[in-house]
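Step one of this worksheet: look at the structure below.
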Amino acid sequence: MTYVERAHERGITTLTLNSPHNRNALSTRLVTALHRAFAAAAADDTVRAVVLTHTGSTFCAGADLSEAASGAATDGPLGLARLLRALVELPKPVVARVTGHVRAGGLGLLGACDLSVAGPGATFAFTEARLGLAPAVISLPLLPRLDPRAAARYYLTGETFGPAEAARIGLVTLAADDADTGLAPLLDGLRKGSPQGLAESKKLVTAGVLAAFDRDTDAFAERSARLFASAEAREGMTAFLERRDPAWVR
């Protein structure tokens, strides 16, 4: 199975998340495939920018809870932090094309992209608190970019919201009636940029995000690991997999 499909046209490499059996959840195999795809794009002089998109109706469902609940995840929160940092540090702009659902850790993947376009079928939710968890590691790329009041609301309530609200709070660049139509002018602009110009400009706009990684990665990863190992999180993940309410729901 090809977990990340690759295509290339006119300087743009498109990477497509292709793990439909778990709604593109960040399994060990998908994370490994993404690392390889990002490294290949960084080393390829013909790549001006990267588009990150998805098969199916879900961009990314977040952590693979089957792995997490069974203890099969091999890299844990630090592995997710390394993946998100690799995306932020990639010397080519990364543009997310979202036409489906984004949940929990998938929002970290989205937040680490430089630009993003969400179509009308996109929905977003920080569901961690409902599972006995917190959006710790994904806060590294997200909190420097999100409206603080909106972050507080959606982190705490787990409410689902749409593309227009995602654009208003800084989660995505653009909400479009058609994702490809919205994407076109962004890609045209990136094609006109020089490799050096794009790389150095990206360093300017990601400096604050990388500062958050330097400052908080270890503490946030430790918090996430502690929460995943807790009794509440085990109940929350088990309830999710069994399609029932966890014990604390009132």
Can you give me the Cα centroid spacing of segment 89-135 and segment 162-209 in angstrom? 14 Å
Return the Cα extents of the chain along principal axes one, two and three, sorted largest first, each rounded to a whole Å. 54, 37, 35
Can you list the residues, at least 5 places off or on another chain, whose amide H is less than 5 Å from the amide H of Thr58, using H built in the peptide plane? His101
Note: probe point = Cα of Ser230 + 7 Å toward Cβ; backbone nitrogen < 16 Å; residues of segment 122-153 passing the test are 127-138
Segments 187-194, 100-107, 85-92 sorted - mean Cβ within 10 Å per residue, highest first: 100-107, 85-92, 187-194
Helix 195-228 versus the longest principal axis of the chain: what angle, 0 to 90°, nearest 10, using Cα atoms? 10 degrees
Give the calculated FRET efficiency between Lys192 and Thr46 to the nearest 0.05, with a Förster radius of 22 Å applied to their Cβ-Cβ distance. 0.90
Can you classify segment 48-172 as rounded, prolate or oblate using the Cα gyration tensor, where a ≥ b ≥ c are the square roots of its eigenvalues, rounded means a/c under 1.5, and otherwise it's prolate if a/b beats b/c and oblate if not? rounded
Taking all pairs of distinct Cα atoms, average 1/r, flip it, and tell me the Kirkwood hydrodynamic radius of segment 135-217 in Å to one decimal place. 14.8 Å
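Values in this text are rule-based calculations from the coordinates and carry no lab data. On a predicted model such as this, the values are computed, not experimentally measured, just so you know. Cβ atoms come from the backbone with ideal geometry, glycine included; neighbour counts cover every protein chain shown.
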